[in-house]
Amino acid sequence: MEAAHHPELHDLGPTGKVEKVTAGKLHAVQYLVALILAVLITGLWRLEVVGADNFRALAEANRIRKVPILAPRGRLFDREGRLLVDNYPSVTCYLLREQVKDLEADLPLISKGLDIPIEQIHATIRRYQLAPKYEPIPLKQDITPDEQAFIAAHRDELPELETLDEQRRLYPRDGFAAHLIGYVGEVSEQMLDDPRYAFYSPGDVVGRSGVEQTYDALLRGTDGSRDIIVNSHGKELGHLGQTLAIPGKDLKLTIDLDVQMAAEKALEGKIGAIVAMDPHTGEILAMASRPTFDPNQFAVRLTKSYWNEILNNPDHPLLNKTIQAQLAPGSTFKIIMSVAGLQENVAQTMHVQCNGGATFYGHFYACDKHHGAVDINNAIPYSCDTFYYTLANRLGIDTIAKYATSLGFSQKTGIDLPDEASGTMPSTVWKLKTQHAPWYAGETISVGIGQGAVTATPIQLARALSGVASGGVLRRPHVVFPDEVPPEQLQAIHETFPGSGEATIPLTSENWETITDAMAAVTTTGTAAPAHLEGIDFAGKTGTAQVMSHDALARAGGGHKTDPNAWFVGMAPRRNPDIVVAVLWEHGNWGNNSAKLAAQVIDAYVNKQRKRDNNLRIAITPEPAEPQTAPSTQSIPSTPSATKPQPSTPTPSAE
Amino acid sequence: MPRLSSYRDFDWVLLGFVLLLSVISVLEIKSATLHTKFHGFDHKQIGFLAVGIFLMFLISLIDYHRLIDIAHYAYGISILSLIAVLAVGTKVLGGRRWIKFPGGIHFQPSEWVKLVLIVAIARYFWGLAGKDLTWADIGKAFAMIVLPMALVLKQPDLGTALTYLPILICGLFLGGLRFRQAGIILLAIAILGLGVYKSGKHLKPYQQARIDAFINPDSDPRGSGYQIRQSLIAVGSGGIWGKGANMGTQTQGDFLPIPYTDFIFAAFCEEHGFVGAIGVLLLYFLILMRLIQNAQTASDLPGSFIIMGVVAVIVFQIAVNVGMVVGIMPVTGIPLPLLSYGGSSVLFTFLSLGIVMNIRMRRFVN
């Protein structure tokens, strides 16, 4: 700048006043200016040189918005490739909170245009309060074309509304196989805390029940995304690129649509459950539970009224009773008793005179009839309680428990469906653990007929009884073919759903024959004779389980809800069966009522096999009509040589 | 016999720097409004500059002593115009700052009041030259500035009101304020300021929010902190070389608030980087040094006072505006002289320069 000293700066003007500002002060101002600029440059350095990378990333995050391309979920087919669950295109309206300065002012218009009450919008926003602001909130799912047009027409006034194309689940109507298939819903907060669901974010759709839940990782696919360049109002200025979505894997279920339809039809108007399984493999052929629910209602946002309807139903429509109902198995348990009695070499020689009951430890235990002389061969068809009271007393609780446990009681079967129940098998150890009391021998008596503390699920009974009929080979029930699932995922599913799984128990061929023949007699001369299927080797065991004690029954004063539960576990053919059907009819009153339902399912299955393969193997009825000609006799059906134990693999050319 | 002033003594170098910045301003306004409804503001800015340059030459012909002679009338009119704004002004963005004239012309009196205050302060301290300042003298100087400040604050326009302060400070500093007096004043202001901040009643909610946002910009990323945050992102993402003219994503994507006025420096930094920013600050430095040199060579005390008043206002605006853009000052709404879009701002700058030119042209007149 100029020279520092100007002599004239201190000159006095004509007025005699000081006419100059001192140079020192001006220099001070110069230094101040330089200092200020230096500070500003430091600030710029900090941002543009030191922080450049960070701010560049923030600028990119500002202008690039990832628009998800949602992967369609895998479809579900039955074992023959018939479509069970499909997807349909649907549009969801999202709210972008970042795009709006005064949301309150826009709410009346949004509420009107999308037909949502303002309070509901408030509630939705409140639910996402903790989520980051940039995250879109799903405002309304499955919007109508009119609502889409409304959003498109108000792009400028309501920039906060955004639509997203999705694929939505389309389930069978009327709750068909609803418990097996399950449903999808928004991921819950508890699930988000679970490391298994780590890759989900709030608002994601996830399987919440049934196959949808177990196989979610396979079904869900991988969402893609499109990177679009937007301005601060969310207006699209261009796009950068996209990652395509990988659709979820289609899954083939072990369900046979025809068998499933028979099961659903059989249960119509009743409360209960039917499960059909292929005992050779453990493949579930049908699974139905009543009352049922409409999973389509869960796929879009659940209405309050429907949810209340489900919650207030005393029969628990969401419960998959085939795997979750733990009830006294009643007389179906006698098959387990028979295995224990025969394998322990007690039952073969046991003869009981049934006079309508017997007294043990000073207490009279009733039988429903006077069966007269009973041995193991007619104890099963007639379901004689007196015989099994006596057998139970002879074996003792821990021997019974040992056999029951080896047949899968008090353990989950390990079926690939969530929330399976394990049932209860009492024993001295069990009682000590749960009630801190010793076991009394008197308690064993009613366990012998599947009452008392013993409970089981339909799937457990199906597995156990068909396992016995298969010569002691028990399978892990499953609803998806294992070869549909990558090995490591299959392993993970087995670990997630532990259970008794695959097992083989010792069963001599004599004992095997004795039990299976007796079970065949059940549907001819025995308790389930009314359910007899002409031309089909149909075996099984009924069960009529009291839901309350005689005293409580007297107090309740009758009524439908006090009626006993009707059980039936049936199979065809009697040895190495191709199908087993377990039926639970709650308050169905009498086991043979359930046997008729099982017969419908087995009939449907057999007819189908016959039509398709012209395979009449099952139809080779070892029993001639002979026992029916004398239904009143108590003779034991003889064992024809045609039903000698066969290799466990059925041969289609057996005829 | 006094020498006649001539354009040979016009400060062509200063004008050159100023015009260079004006060109940068027009280009950046063009870029910042490219995709907005404000497209074409660059042409309007060229119009303002043309009028400004014309007025600069016009005012440079008037002897600044004439301006000093009428300063007290001008001061009176200024106060009246500020009252008029409050009474009949047009409300824009929550502030009543503009008077609407027929023909679509909006005028912001608070801008040209700055110029009047510079001349009035120069006149006031000229009258006190050579004697020690008494508390009464200091009080009068405060009153002169605080009255228009209060009226502008009422609009409310904190930013412009604050630009009157450097005129007072500069006047007091050059007018011979003693260190002891300065200390007492600072202490009093500090105590007063603390009281105001504690009570929290004297700031408008948006002003309080801006201060809070300045202290913690991330506290409310879409509210008051939004402007600061987006400005920091714009500047920072520019890096050393910038993203290129018309290529700033923050500027073009409308993330940066009002990128053609208050945040124009952020837009410039984003597109031209650290290097460009240094260039602009260097131009400011050269202009300010040139002005101070003219103050040094002015033929009399009021001439120096007027130029230094202009310097004070420009330095203050640069410090506050650029300081805001780089995140070391709160958002106050003060435009950046010579870069921000706006007729009133352009006219003030060029009228001040016209007076400066006049002072320079008359440095040998006595």
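The values are calculated or read from the model by the stated rules, or taken from the named source; none is laboratory data. Treat the numbers as computed from the prediction; the structure is a model and nothing was measured. Here Cβ is always computed from backbone atoms with ideal geometry, including for glycine, and neighbour counts include all displayed protein chains.
Say we look at region A:228-258 and pick out the residues that are in a loop (DSSP other than H, G, I, E, B) and within 14 Å of chain B (Cβ to nearest Cβ); which of these is surrounded by the fewest Cβ atoms within 10 Å (Cβ to Cβ)?
Filtering region A:228-258 for residues that are in a loop (DSSP other than H, G, I, E, B) and within 14 Å of chain B (Cβ to nearest Cβ), the one surrounded by the fewest Cβ atoms within 10 Å (Cβ to Cβ) comes out as A:His233.
Between a residue in region A:76-99 that is in a helix (DSSP H, G or I) and any residue that is of a type in the set (Phe, Trp, Tyr), which pairs come within a Cβ distance under 7 Å, given they are 6 or more apart or on different chains?
A:Glu98/A:Tyr134
Name the one entry in A:Phe409, A:Phe387, A:Phe360 that is touching a residue at least 12 places away in the same chain (Cβ under 8 Å) and out of contact with any strand residue (DSSP E or B) (no Cβ under 8 Å at 6 or more places or on another chain).
Being touching a residue at least 12 places away in the same chain (Cβ under 8 Å) and out of contact with any strand residue (DSSP E or B) (no Cβ under 8 Å at 6 or more places or on another chain) holds for just one of A:Phe409, A:Phe387, A:Phe360, which is A:Phe360.
Can you spot a residue in region B:249-261 that is facing another protein chain (nearest Cβ under 9 Å), at pLDDT 95 or above and farther than 30 Å from B:Asp63 by Cβ?
No, region B:249-261 contains no residue that is facing another protein chain (nearest Cβ under 9 Å), at pLDDT 95 or above and farther than 30 Å from B:Asp63 by Cβ.
May I ask you to say which residue of B:Gly327, B:Gly343 is at pLDDT below 95 and within 12 Å of chain A (Cβ to nearest Cβ)?
Just one listed residue meets the conditions, B:Gly327.
Testing A:Arg127 on (1) modelled with pLDDT under 85; (2) within 30 Å of B:Met329 (Cα to Cα), one condition comes back false. Which one is that?
All conditions pass for A:Arg127, except number (2).
I'd like to know if region B:268-286 contains one or more residues that are buried (at least 21 other Cβ atoms within 10 Å of the Cβ), touching a helix residue (DSSP H, G or I) at 6+ places or on another chain (Cβ under 7 Å) and of a type in the set (Asp, Glu).
Yes, some residue in region B:268-286 is buried (at least 21 other Cβ atoms within 10 Å of the Cβ), touching a helix residue (DSSP H, G or I) at 6+ places or on another chain (Cβ under 7 Å) and of a type in the set (Asp, Glu).
If we keep just the residues of region A:18-33 that are within 7 Å of another protein chain (Cβ to nearest Cβ) and either surrounded by fewer than 20 Cβ atoms within 10 Å (Cβ to Cβ) or within 60 Å of the chain's Cα centre (by Cα) (or both), which is nearest to B:Gly279 (Cα to Cα)? Break it down stepwise before answering.
First, pick out the residues of region A:18-33 that are within 7 Å of another protein chain (Cβ to nearest Cβ): A:18-21, A:23, A:25-26, A:29-30, A:33.
Remaining after also requiring either surrounded by fewer than 20 Cβ atoms within 10 Å (Cβ to Cβ) or within 60 Å of the chain's Cα centre (by Cα) (or both): A:18, A:23, A:25, A:30.
Working: A:Val18: 39, A:Ala23: 28, A:Lys25: 27, A:Gln30: 19 Å.
Of everything passing the filter in region A:18-33, A:Gln30 is nearest to B:Gly279 (Cα to Cα).
Applying the selection to region B:267-296, what residues are more than 7 Å from chain A (Cβ to nearest Cβ) and farther than 14 Å from B:Ser25 by Cβ?
B:Glu270, B:Val275, B:Leu282, B:Leu286, B:Arg290, B:Leu291, B:Asn294
Going by what's in this entry, would B:Gly309 be described as closer than 23 Å to B:Val113 by Cα and either at the interface with chain A (Cβ under 8 Å from one of its Cβ atoms) or not hydrophobic (A, V, I, L, M, F, W, C) (or both)?
Values: closer than 23 Å to B:Val113 by Cα: yes; either at the interface with chain A (Cβ under 8 Å from one of its Cβ atoms) or not hydrophobic (A, V, I, L, M, F, W, C) (or both): yes.
Yes: the conditions hold for B:Gly309.
Among the candidates A:Leu285, A:Leu257, A:Leu267, which residue alone is touching a residue at least 24 places away in the same chain (Cβ under 8 Å) and under 26 Å from A:Gly221 (Cα atoms)? Reasoning before the result, please.
Working: A:Leu285 fails: under 26 Å from A:Gly221 (Cα atoms); A:Leu267 fails: under 26 Å from A:Gly221 (Cα atoms).
Being touching a residue at least 24 places away in the same chain (Cβ under 8 Å) and under 26 Å from A:Gly221 (Cα atoms) holds for just one of A:Leu285, A:Leu257, A:Leu267, which is A:Leu257.
Which one is surrounded by the most Cβ atoms within 10 Å (Cβ to Cβ) among residues in region A:409-434 that are within 19 Å of A:Tyr361 (Cβ to Cβ) and of a type outside the set (Lys, Arg)?
Of everything passing the filter in region A:409-434, A:Pro426 is surrounded by the most Cβ atoms within 10 Å (Cβ to Cβ).
Which ones in region A:48-77 are under 30 Å from A:His179 (Cβ atoms) and out of contact with any Asp or Glu (no Cβ under 6 Å at 6 or more places or on another chain)?
Residues satisfying the conditions are A:Pro72, A:Arg73, A:Leu76, A:Phe77.
When you go through B:Leu168, B:Leu186 one by one, which is the residue that is at pLDDT 90 or above and more than 23 Å from B:Ser78 (Cα to Cα)? Before the answer, list the steps.
On the way: B:Leu168 fails: more than 23 Å from B:Ser78 (Cα to Cα).
Every option except B:Leu186 fails the conditions.
Can you tell which of A:Leu311, A:Leu391 is of a type in the set (A, V, I, L, M, F, W, C) and not assigned by TED's automatic domain parsing to the domain that holds A:Thr428?
None of the others qualify; the one that does is A:Leu311.
Tell me which residues, restricted to region A:416-439, are within 21 Å of A:Arg208 (Cα to Cα) and in contact with a Lys or Arg (Cβ under 7 Å, 6 or more places away or on another chain).
Once the filter is applied, which keeps residues that are within 21 Å of A:Arg208 (Cα to Cα) and in contact with a Lys or Arg (Cβ under 7 Å, 6 or more places away or on another chain), region A:416-439 yields A:Glu420, A:Ser422.
I'd like the full set of residues that are within 15 Å of B:Ser110 (Cα to Cα) and part of a helix (DSSP H, G or I), limited to region B:336-352.
Scanning region B:336-352 gives B:Gly343, B:Ser344, B:Ser345, B:Val346, B:Leu347, B:Phe348, B:Thr349, B:Leu351, B:Ser352.
Are any residues in region A:100-150 polar (S, T, N, Q), over 34 Å from the mean Cα position of the chain (by Cα) and more than 20 Å from A:Ser90 (Cβ to Cβ), and if so, which ones? Give the derivation first.
Step one: list which residues in region A:100-150 are polar (S, T, N, Q), which gives A:111, A:120, A:124, A:129, A:141, A:144, A:148.
Then keep just the ones that are over 34 Å from the mean Cα position of the chain (by Cα); that gives A:111, A:148.
A:Ser111 - this is the single residue of region A:100-150 that is polar (S, T, N, Q), over 34 Å from the mean Cα position of the chain (by Cα) and more than 20 Å from A:Ser90 (Cβ to Cβ).
Considering only residues that are of a type in the set (Gly, Ala, Ser) and in a loop (DSSP other than H, G, I, E, B), look in region A:523-542 and name the one that is surrounded by the fewest Cβ atoms within 10 Å (Cβ to Cβ).
Taking region A:523-542 first, the residues of a type in the set (Gly, Ala, Ser) are A:526, A:528-529, A:531, A:535, A:539-540.
This time we only want the ones that are in a loop (DSSP other than H, G, I, E, B), so: A:526, A:528, A:535.
Working: A:Gly526: 25, A:Ala528: 30, A:Gly535: 13.
Selected residue: A:Gly535.
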